[in-house]
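The values are calculated or read from the model by the stated rules, or taken from the named source; none is laboratory data. Since this is a predicted model, take the numbers as computed values, not measurements. Cβ: placed from backbone, ideal geometry, glycine included. Neighbour counts: every protein chain shown.
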There are 4 protein chains.
Amino acid sequence: MRSIHSGQTAGQAAEAEEWRSAITTTDEERIYVRGLALDAAIGHESYPAMVLRLWTGRQPSAQDTALFDACLVAAIDHGPLAPSALVARTVTSTGAPPMTGLAAGITAFGPLHGAAVTSAMRVLADLGDVADPATWARLVFERERAAGRRIPGIGHRWHSFDRRAERLLDLVTEQGRDRRAVDRVRALAGVVGEHAGHAVAVNIDGALAAVLTALAVDPIYGDFAFALARVAGLSAHIIEESVRQRPMRLIDPTLVVYDGPPVEPPDTR
Amino acid sequence: MRSIHSGQTAGQAAEAEEWRSAITTTDEERIYVRGLALDAAIGHESYPAMVLRLWTGRQPSAQDTALFDACLVAAIDHGPLAPSALVARTVTSTGAPPMTGLAAGITAFGPLHGAAVTSAMRVLADLGDVADPATWARLVFERERAAGRRIPGIGHRWHSFDRRAERLLDLVTEQGRDRRAVDRVRALAGVVGEHAGHAVAVNIDGALAAVLTALAVDPIYGDFAFALARVAGLSAHIIEESVRQRPMRLIDPTLVVYDGPPVEPPDTR
Amino acid sequence: MRSIHSGQTAGQAAEAEEWRSAITTTDEERIYVRGLALDAAIGHESYPAMVLRLWTGRQPSAQDTALFDACLVAAIDHGPLAPSALVARTVTSTGAPPMTGLAAGITAFGPLHGAAVTSAMRVLADLGDVADPATWARLVFERERAAGRRIPGIGHRWHSFDRRAERLLDLVTEQGRDRRAVDRVRALAGVVGEHAGHAVAVNIDGALAAVLTALAVDPIYGDFAFALARVAGLSAHIIEESVRQRPMRLIDPTLVVYDGPPVEPPDTR
Amino acid sequence: MRSIHSGQTAGQAAEAEEWRSAITTTDEERIYVRGLALDAAIGHESYPAMVLRLWTGRQPSAQDTALFDACLVAAIDHGPLAPSALVARTVTSTGAPPMTGLAAGITAFGPLHGAAVTSAMRVLADLGDVADPATWARLVFERERAAGRRIPGIGHRWHSFDRRAERLLDLVTEQGRDRRAVDRVRALAGVVGEHAGHAVAVNIDGALAAVLTALAVDPIYGDFAFALARVAGLSAHIIEESVRQRPMRLIDPTLVVYDGPPVEPPDTR
């Protein structure tokens, strides 16, 4: 590295290299995502289909798109007590701009809240040669427990059964897909529940992990599927905080009362 | 406020109040978003439809959903040189976890990159009694110029015409909707272009603003529509950076070469 | 802009320009901050002195350094109920890494929590020709009230008198400096209190604003002085959360009990 | 968990527990940090001393304070090409507010840029019974290499010798402190250099790690020491970007020219 003094180019020191990107290119009038012009996609491709194309590099089938779309629906929101929602609301309450509140909410997608889909997908792919889900689940449970590691995708602070997660898992079977990951995650919840002495839910991370495995999405995108879906919910909490609440209030999460539309009993649908 | 010393409850000082939220509630097994159980929505409602329901509190029509879906497709990515993509890549390059890279990318949605949809929607709603778009555009242009304010939604660093934005605007007309906001944003680009002496594009912020106005979405959600869409693109850039690139590289944005799928000429679709 | 397809350089489109920076330069073995080699500064210059040099471009006097040092001490922490501390703790509770928790805490420095020093400095500099502090305060109060704007630097959620802020203001007088900004901020609190019908404190933003004005620091750095100081406190809250608390706990800010060292009565010092 | 419908308290579901914090408490007029009233500290304690008190719970000696102060000076800035500075500038360039730019900069403190002090401190504390630094360094090097792990605190992209880091290490010896960690980190750089075939620097992470070990600061605070120090530098880059540069410019890090004060040759001091 050469000596750099006043008036000389500091940046010369740094060796910048050509680099390559296979995602998006542009010309004077168009933007091409994985080769497809956005103006051609608009009105023909759905957003979930385009996300799959963007993330896998392949044009998805209608079935693939429907399943991925269901994943996004399942994780869209979980109410004002999720850590990401509380964080987004607290930041908004200080007068920070909406996009800053959103960024803050996303920092709360730690391994215990949302960012466990990728690790759950990796666990589900482990021990590929063990065919029986119950056997596999016991092996994984014992191994992780011995290593003192938390098992991702299983258990929830408030729910011992999560119909949202279960419905998502059912879709894989309804589509006639390879159900191995689905059987594995359910078997794993069973083993954890046996050990705990009470029912333990497959949580949203675990359900997303099984479905995205069935979709052959790279595990590396697992956490991003959750994050993308939940941005919709965080946005609603940020807006509601700024519109309905007093600035700089102390947010007590035990004192929230729901006053939205009456719940629709699902059996009438 | 009472005196608080060692062993006393600091929090007693703070008056926490009951608060209300109309977004999401839960029971033992279910999550209800704006009253609709997620397990009932999965497989029946698309993600774009659910986002509209979440943000407006109303079940959207199929046409509304299609138009909002198109907005998300239009803003899904703009390549590795967008500030948010460069930020997400630079953070990822330091070894920070993917969700941190995503949060960082979102901090870059400033008023000059993405976070101008809401302000553009407010401009488009101004002077509601001026019927003629050209007259309206001149009035707004002169007013904003006199105030030294930047006009949101018009102009782009690299494009003087943006087919993606134009296609989005065309959809409003194709659906037979009120095209007032569409006419206004195009007239505004015309006036800005006249003044600049060269063609100036309606940019993605401006196109989203006109379409979301036609959808009667509250302007406050405008910037979030962009953010939600672009999370898909940021995710792809974060993954590509971590998988393909050397850690701690100095990212020179002028040295990127596209090596993805060949572009598909739109006229063959 | 030229057309860019597979294999071409996307970045050619972007015109990157030479740019200049006057802050820091390096040579093979050294780093120079505002011209001073860090290895020469280490052991000779204090951190507060170096921050002043970095921010103003001038070597500060010992008195300047002492006053700025006092600003940093005054804002170092305000306990676990400050929004930034609650945010940093909530993010940490999800298993996110410490640096992510710190970034999150800083997003909570909105205009109502910390990021009001710069705006308070600008208010204090207004109406420069009004000599009498009481007259000035009434003029500013009426003007801001008429405009529906919040007056920065005055008032606190919990304190009606803030000895920390007062002590900081006293230092300016003790140093024999121009006390105009100090008199103004106190007069402003007086007028706000008269209007409210009860005593209203000069808060930490207001005290920092007056002292930094006396130091002739550019108002643009005001919020950064608060942020820099408070990073120390946020760090302590992040560590304590990760070490002492159960992960993914629901943080009720009304239920915190202080169990640290007994408080030292200040009059014994 | 009970069923919660419209009009019921969603938060009742969550079990919020009393929690304890030993950092800061307040009464009506005062704030006490680790028991010390801030109004008593202002003017008597320096900021570096207060940070040490806040982080360790103990009142530091004058020597301890001087050494910690030197750590903060050493890491105060490293110029516009550090990833955190580039990120903070890019975010600022989009019109995002200064505090958002600062939060963004901090997200870039990944394990390869700043957030390696804590891990380096843990490495330095390993194999406590190996007395000879050279023997220890070889053992650690072989072990980490075999595990495919990067050795924290050693090596830099641009510098093969870092006078700033060396000066910091020298201070420990000058103060007559236990120099074991200092000898270890230098021995480790020696072994890495032998293996690389060229000189390899102890970097700022490694120097901070050795000095903070000598100060008996908990390793968990290591990364925060870097972060706190560098907030000063990030602030300067954010301000300079917003004041001197064109908004939404494409930042090419190889094209920066230093135009600040002429560098002062250290030997004249």
* Among the candidates A:Gly79, A:Gly95, which residue alone is closer than 30 Å to C:Gly105 by Cβ, touching a strand residue (DSSP E or B) at 6+ places or on another chain (Cβ under 6 Å) and not basic (Lys, Arg)? -> A:Gly79
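Kindly provide the set of residues from region A:147-161 that are within 20 Å of the chain's Cα centre (by Cα) and in a loop (DSSP other than H, G, I, E, B), ordered by number. It would help to see each step written out before you state the result.
Quick first cut of region A:147-161, residues within 20 Å of the chain's Cα centre (by Cα) only: A:150-159, A:161.
Listed by number, the residues that qualify are A:Arg150, A:Ile151, A:Pro152, A:Gly153, A:Gly155, A:His156, A:Arg157, A:Trp158, A:His159, A:Phe161.
Take A:Tyr47 and decide whether it is aromatic (Phe, Trp, Tyr) and in contact with a strand residue (DSSP E or B) (Cβ under 8 Å, 6 or more places away or on another chain). Please lay out each step first, then the result.
Numbers: aromatic (Phe, Trp, Tyr): yes; in contact with a strand residue (DSSP E or B) (Cβ under 8 Å, 6 or more places away or on another chain): no.
For A:Tyr47, the condition - aromatic (Phe, Trp, Tyr) and in contact with a strand residue (DSSP E or B) (Cβ under 8 Å, 6 or more places away or on another chain) - is not met.
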* Asked: Can you pull out the residues in region A:186-225 that are aromatic (Phe, Trp, Tyr) and within 11 Å of A:Gly153 (Cα to Cα)?
  -> none
* Out of C:Val185, C:Val200, which single residue is over 24 Å from C:Asp64 (Cβ atoms), buried (at least 16 other Cβ atoms within 10 Å of the Cβ) and out of contact with any Phe, Trp or Tyr (no Cβ under 6 Å at 6 or more places or on another chain)? -> C:Val200
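Taking the condition farther than 20 Å from A:Ala236 by Cα and either β-branched (Val, Ile, Thr) or in contact with a Leu (Cβ under 6 Å, 6 or more places away or on another chain) (or both), does B:Thr65 pass? It would help to see each step written out before you state the result.
Values: farther than 20 Å from A:Ala236 by Cα: no; either β-branched (Val, Ile, Thr) or in contact with a Leu (Cβ under 6 Å, 6 or more places away or on another chain) (or both): yes.
In short, no.
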* Would you mind finding the one in A:Thr135, A:Thr118, A:Thr107 that is within 14 Å of chain C (Cβ to nearest Cβ) and without any contact (Cβ under 8 Å) to a residue 24 or more places away in the chain? => A:Thr107
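Taking the conditions exactly as written (more than 21 Å from C:Ser84 (Cα to Cα) and modelled with pLDDT under 95), does A:Val263 satisfy them or not?
On the way: more than 21 Å from C:Ser84 (Cα to Cα): yes; modelled with pLDDT under 95: yes.
Yes; evaluated as a whole, the condition is true for this residue.
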* Looking at region C:158-212, which of its residues are touching a Ser or Thr at 6+ places or on another chain (Cβ under 9 Å) and closer than 15 Å to C:His78 by Cβ? -> C:Trp158, C:His159, C:Ala201, C:Asp205
* To do: Among the residues of region A:203-216, write down those that are surrounded by fewer than 23 Cβ atoms within 10 Å (Cβ to Cβ) and under 11 Å from the mean Cα position of the chain (by Cα).
  => none
* To do: Residue by residue through region C:26-56, note down the ones that are at the interface with chain D (Cβ under 7 Å from one of its Cβ atoms) and small (Gly, Ala, Ser).
  => C:Gly35, C:Ala37, C:Ala40, C:Ala41, C:Gly43, C:Ser46
* Would you call B:Ala137 closer than 21 Å to C:Thr107 by Cβ and among the aliphatic types (A, V, I, L, M)? -> no
* What pairs can you find where one residue is in region D:42-65 and within 17 Å of C:Met50 (Cα to Cα), the other is part of a helix (DSSP H, G or I) and of a type in the set (Asp, Glu), and their Cβ atoms are less than 8 Å apart, with a gap of 6+ or different chains? -> D:Ser46/C:Asp69; D:Ser46/D:Asp69; D:Tyr47/C:Asp69; D:Pro48/D:Asp69
* Which ones in region D:217-269 are surrounded by 22 or more Cβ atoms within 10 Å (Cβ to Cβ) and hydroxyl-bearing (Ser, Thr, Tyr)? -> D:Tyr221, D:Ser235, D:Tyr258
* Asked: Does region D:77-92 hold any residues that are small (Gly, Ala, Ser) and touching a helix residue (DSSP H, G or I) at 6+ places or on another chain (Cβ under 6 Å), and which are they?
  -> D:Ser84, D:Ala85, D:Ala88
* Asked: Which of (1) farther than 24 Å from D:Thr90 by Cα; (2) touching a His at 6+ places or on another chain (Cβ under 8 Å) is the odd one out, the single condition B:Ser160 does not satisfy?
  -> (1)
* Structure fact -> Within region D:87-104, residues over 18 Å from the mean Cα position of the chain (by Cα) and either of a type in the set (A, V, I, L, M) or within 9 Å of chain B (Cβ to nearest Cβ) (or both) come out as D:Thr90, D:Val91, D:Thr92, D:Ser93, D:Thr94, D:Gly95, D:Ala96, D:Pro97, D:Met99, D:Thr100, D:Gly101
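From the list D:Thr65, D:Thr24, D:Thr56, pick out the single residue that is in contact with a Gly (Cβ under 6 Å, 6 or more places away or on another chain) and of a type outside the set (Asp, Glu).
D:Thr24
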